[in-house]
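Here's the structure we're looking at; comments come further down.
The values are calculated or read from the model by the stated rules, or taken from the named source; none is laboratory data. This one's a predicted model, so the numbers in the text were calculated from it and none came from an experiment. A quick note on method: Cβ atoms are made from the backbone with ideal geometry, for glycine too, and the neighbour counts reach across all protein chains shown.
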Amino acid sequence: MKFIPVTLADKGMIDEYLNRNKFTNSEYNFANWFAAGVPYDIKYTIVEGCLCIIQRVDSVPISLIPLGDKDKIANALDALIKYFANNGDKLVLMYISEEMVQLLEDINLLHKFDIEKRIDMADYICKKENITTMKGRKLNKVRNDFNHFTKNYNYEFVPLTKENEDTCLKMVRDIIKCVNQSACLELNHTLRAIQHREELGLKSSTLYIDGKMSGVILGQNLHGMALINYARAYTTYRGIYHMMYKFLIEEYFADLPYVNLMEDLGFPGLRQAKSSFNPEPLMYKSVLTLK
């Protein structure tokens with residue numbers, strides 16, 4: 001098996017495989033694999049009629065679940081098991097949703113793996129109205145932060161274009177300072193997504209406050225669900241993320257019923273912020289390790 005890097009030229013082919021299974025996990029989209037491809041060493045191959053994606057997480061080689069027809073996934077997983085073993089590793093499947101766990105049960109392979117549920121990998125999925133109208137007692141904090149923003153800041157949304165792209169990249173470098181490996185990885189794939197947003201099919205906008213670019217947001221339609229791929233902003237402005245989420249959804253994804261805000265990465269601040277949108281449900285994910 002030979003794995004090769006994900007390139008823009010692969011988008012059409014990879015999207016075909018993504019559309020066969022239509023998984024709505026935040027990790028399963030071409031924009032993510034391309035933008036994070038270099039920093040996370042993401043590569044792919046086609047084996048047994050399935051698309052197989054591998055990458056490194058904290059220097060550990062892992063795989064995503066193969067994408068393809070259900071009757072071919074078992075053979076693709078067997079090939080991955082042999083590939084990892086030949087390299088001295090056990091197969092580790094990461095970002096495995098409950099839907100995928102059921103798929104592995106259906107093809108009689110789940111018993112081969114130890115399962116570790118990871119709350120830090122769970123995607124926060126909420127109703128569109130929780131972001132756009134913010135009605136109800138459970139959304140009081142979200143609504144209060146949003147109202148604070150509208151009352152206290154002079155703001156405007158400006159399209160992200162070639163003319164202000166350099167300003168945007170400079171802002172992101174200031175927000176995500178490359179102080180450690182994790183921050184550097186996040187910075188690199190965020191910059192890559194911004195630079196290739198049009199080829200990746202991402203909808204985007206920047207937010208200016210008092211004439212200064214202070215935030216950027218990018219998202220996409222992931223199989224009928226809005227996915228917020230990237231949102232970066234100066235948190236000194238209370239409610240800035242609420243404002244950006246609301247704008248992007250109303251501007252580009254108003255007809256989609258649900259929004260995926262992605263995971264919290266185990267950070268308490270992110271967990272608190274995303275939980276404030278009253279997600280229902282969380283999309284729990286697990287790590288599966290070959291026994």
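When HIS111 is tested against (1) farther than 16 Å from ASP78 by Cα; (2) of a type outside the set (A, V, I, L, M); (3) out of contact with any strand residue (DSSP E or B) (no Cβ under 9 Å at 6 or more places or on another chain), only condition (1) is not met.
In the range 1-21, the residues that are without any contact (Cβ under 8 Å) to a residue 40 or more places away in the chain reach residues that are among the charged types (D, E, K, R) and surrounded by 12 or more Cβ atoms within 10 Å (Cβ to Cβ) with C-beta atoms within less than 6 angstrom, at least six apart or across chains, in these pairs: PRO5/LYS43.
Applying a threshold of 7 Å to beta carbon distances and a minimum spacing of six or more residues, or different chains, the list of pairs starting in the range 92-103 at a residue that is assigned to a helix (DSSP H, G or I) and ending at one that is of a type in the set (Gly, Ala, Ser) reads VAL101/SER286.
Scanning the range 206-246 for residues that are of a type in the set (Lys, Arg) and either under 19 Å from ASN130 (Cβ atoms) or not assigned by TED's automatic domain parsing to the domain that holds PHE157 (or both) yields ARG238, LYS246.
May I ask you to list the residues in the range 194-239 that are surrounded by 20 or more Cβ atoms within 10 Å (Cβ to Cβ) and in a helix (DSSP H, G or I)? ILE194, ARG197, LEU200, listed by residue number. Annotation: TRP33 fulfils all but one of (1) farther than 17 Å from LEU109 by Cα; (2) in a strand (DSSP E or B); the unmet one is (2).
Note on the range 159-182: residues that are in contact with a Ser or Thr (Cβ under 7 Å, 6 or more places away or on another chain), in a helix (DSSP H, G or I) and without any contact (Cβ under 8 Å) to a residue 60 or more places away in the chain total 2. Mind listing whichever residues of the range 152-166 are within 12 Å of PHE247 (Cβ to Cβ) and either in contact with a helix residue (DSSP H, G or I) (Cβ under 9 Å, 6 or more places away or on another chain) or aromatic (Phe, Trp, Tyr) (or both)? The answer is TYR155, PHE157, VAL158. For the residues TYR237, TYR252, TYR258, the requirement of being touching a Cys at 6+ places or on another chain (Cβ under 9 Å), at pLDDT 95 or above and of a type in the set (Phe, Trp, Tyr) singles out TYR258.
In the set ARG173, ARG232, ARG197, only one residue is of a type in the set (Lys, Arg), within 17 Å of PRO39 (Cα to Cα) and out of contact with any Phe, Trp or Tyr (no Cβ under 6 Å at 6 or more places or on another chain); that residue is ARG173.
For the range 81-91, a residue qualifies if it is free of Cβ contacts under 8 Å to residues at least 40 places away in the same chain and of a type in the set (A, V, I, L, M), and exactly one does: ALA85. Each residue in the range 56-91 was checked for being in contact with a Pro (Cβ under 7 Å, 6 or more places away or on another chain) and part of a strand (DSSP E or B), and 0 pass.
Among the residues of the range 108-156, the ones that are at pLDDT below 95, in a helix (DSSP H, G or I) and more than 16 Å from ARG238 (Cα to Cα) come to 2 in all. Identify all residues within the range 247-275 that are surrounded by 19 or more Cβ atoms within 10 Å (Cβ to Cβ) and either out of contact with any strand residue (DSSP E or B) (no Cβ under 9 Å at 6 or more places or on another chain) or in the same structural domain as ASP78 (by TED's automatic domain parsing) (or both); write none if there are none. ALA273 - this is the single residue of the range 247-275 that is surrounded by 19 or more Cβ atoms within 10 Å (Cβ to Cβ) and either out of contact with any strand residue (DSSP E or B) (no Cβ under 9 Å at 6 or more places or on another chain) or in the same structural domain as ASP78 (by TED's automatic domain parsing) (or both).
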